[in-house]
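Notes for the one structure printed next.
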Amino acid sequence: MRIWVDLTNSPHVLVMRPVIANLRARGHDVQVTARDFAQTLGLLERFGIEHTAIGHHRGAGLRAKAGGLLARSLALARWARGRRFELALGHGSNDITVAAALLRIPSATTFDYEWATVQHNVNCRLARAVVVPDAIPPERLYRYGARGKLRAYPGLKEEYYLADFEPDAAVLDELGLDRAEPIAVVRTAPEVSLYHRFENDLFGQVLERLRGSQTVVLPRTAAQRAALLDRGGLIVPERAVDAQSLVAYADLVVSAGGTMNREAVALGTPVYTLFEGRLGAVDERLIAEGRLRQLGSADQVEVVKRSTDERSGEPRIRRDPALMTDLLLSAAIPRR
């Protein structure tokens, strides 16, 4: 089968990497397109995934996003026309679901945060299969047009794409970190996301509290990186790094996004969330289980070196990415 995968943001590369590998191992012809945004292209290069770069992020406003969706979807459709794709896959990518609909290619989408209303009103209505974690109550997705399309998987998506992952200490040397001293990792907010529209004063307070220590801050955009460098006293990588290994070796993670929070949970690293949007069902469950903590004050942040016993802790949950692949492939089966 000829399968098209589109990636529009950094986490999508992580999620779809084992799916792409699994599809190719089964003999499918997989071609990848990607948007030039955040570390998407850098991660594809780091993982050695061949791709065609098409389009870039158009800005944070609703009008800019709508224009970007239209322009990039049409560009994708022009690129894909005549390539005889039989299935299109994306992780929350509206662009590919629109382009696939224009070309009458069946598509599947996957995501793990249910309150991105604008996004899901597009991709859930156009996709044939909607792949989500079983933590999300189905009725939360019906209003997007997902009824009859849902394919649920157990656990966290991070437990699937990190199944074959083992941390590499080379990232510590790359960043000049002393592994004998406490290490904190901070992830900035997705400022351009429609569901995360707040200036986070608490985030700035956390940075000030951690400034001068071994704190690595991972920005999403060039503008964020420039602002962090102006602040000083923080380690800000110049390019995409092995963030999963960094999280695994860290003693604390503080993230204003979602994926890195759940990576820390999956890898057993203590983590605080600074997310200011409406909590999704996945994070609600993790907080209830005590695996993810909400940060109410910068004073709560204490970076203490974890002991060997603390690091060994509970064994990691590793899930087979073949299940995720099967659920996405279900979109290729005609509906009765």
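The values are calculated or read from the model by the stated rules, or taken from the named source; none is laboratory data. Fair warning: this is a prediction, and the values are worked out from it, not measured in the lab. Heads up, the Cβs are rebuilt from the backbone with ideal geometry, glycines too, and the neighbour counts pull from every protein chain shown. These area figures cover heavy atoms from the full protein model, side chains too; ligands, DNA and RNA do not enter into them. Shrake-Rupley method; radii C 1.70, N 1.55, O 1.52, S 1.80 Å.
Among the residues making up region 295-336, those that are closer than 28 Å to residue 205 by Cα and either in contact with a Phe, Trp or Tyr (Cβ under 8 Å, 6 or more places away or on another chain) or open to solvent by 70 Å² or more (accessible area, probe 1.4 Å) (or both) are 295, 299, 300, 301, 302, 304, 310, 311. Per this entry, residue 265 is not counted among residues that are of a type in the set (Val, Ile, Thr), surrounded by fewer than 22 Cβ atoms within 10 Å (Cβ to Cβ) and in contact with a Lys or Arg (Cβ under 8 Å, 6 or more places away or on another chain). From the list 210, 218, the lone residue that is surrounded by 21 or more Cβ atoms within 10 Å (Cβ to Cβ) and within 25 Å of residue 48 (Cα to Cα) is 218. Summed over region 19-54, the residues that are assigned to a helix (DSSP H, G or I) and not aromatic (Phe, Trp, Tyr) give a count of 14.
Going through (1) in contact (Cβ under 8 Å) with a residue 60 or more places away in the chain; (2) closer than 26 Å to residue 282 by Cα; (3) touching a strand residue (DSSP E or B) at 6+ places or on another chain (Cβ under 9 Å); (4) among the hydrophobic types (A, V, I, L, M, F, W, C) one by one, residue 165 falls short only on (3). Where residues in region 228-285 are among the acidic types (Asp, Glu) and farther than 23 Å from residue 152 by Cβ, which of them is modelled with the highest pLDDT? Of everything passing the filter in region 228-285, 251 is modelled with the highest pLDDT. Residues in region 163-184 that are outside any loop (DSSP other than H, G, I, E, B) and surrounded by 14 or more Cβ atoms within 10 Å (Cβ to Cβ): 171, 172, 174, 184. None of 59, 82 is modelled with pLDDT under 95, on the phi > 0 side of the Ramachandran plot and not in a helix (DSSP H, G or I) except 59.
Out of all the residues in region 280-294, which are open to solvent by 40 Å² or more (accessible area, probe 1.4 Å) and over 16 Å from residue 252 (Cβ atoms)? Across region 280-294, the qualifying residues are 284, 285, 287, 288, 289.
Screening residue 134 on (1) open to solvent by 40 Å² or more (accessible area, probe 1.4 Å); (2) out of contact with any strand residue (DSSP E or B) (no Cβ under 6 Å at 6 or more places or on another chain) shows it passes everything except condition (2). The set of residues in region 141-162 that are assigned to a loop (DSSP other than H, G, I, E, B), out of contact with any strand residue (DSSP E or B) (no Cβ under 6 Å at 6 or more places or on another chain) and among the charged types (D, E, K, R) comprises 143, 147, 157. Considering region 44-94, and only residues there that are in contact with a Pro (Cβ under 9 Å, 6 or more places away or on another chain) and of a type outside the set (Gly, Ala, Ser), the residue that is most open to solvent (accessible area, probe 1.4 Å) turns out to be 86.
Within the option set 192, 118, being modelled with pLDDT under 95, surrounded by fewer than 22 Cβ atoms within 10 Å (Cβ to Cβ) and in a helix (DSSP H, G or I) holds for one residue only, 118. At pLDDT 95 or above and outside any helix (DSSP H, G or I): is that true of residue 100 in this structure? Taking the combined requirement at face value, the residue does not satisfy it. Checking each residue in region 297-336 for being free of Cβ contacts under 8 Å to residues at least 12 places away in the same chain and among the small types (Gly, Ala, Ser) picks out 307, 312.
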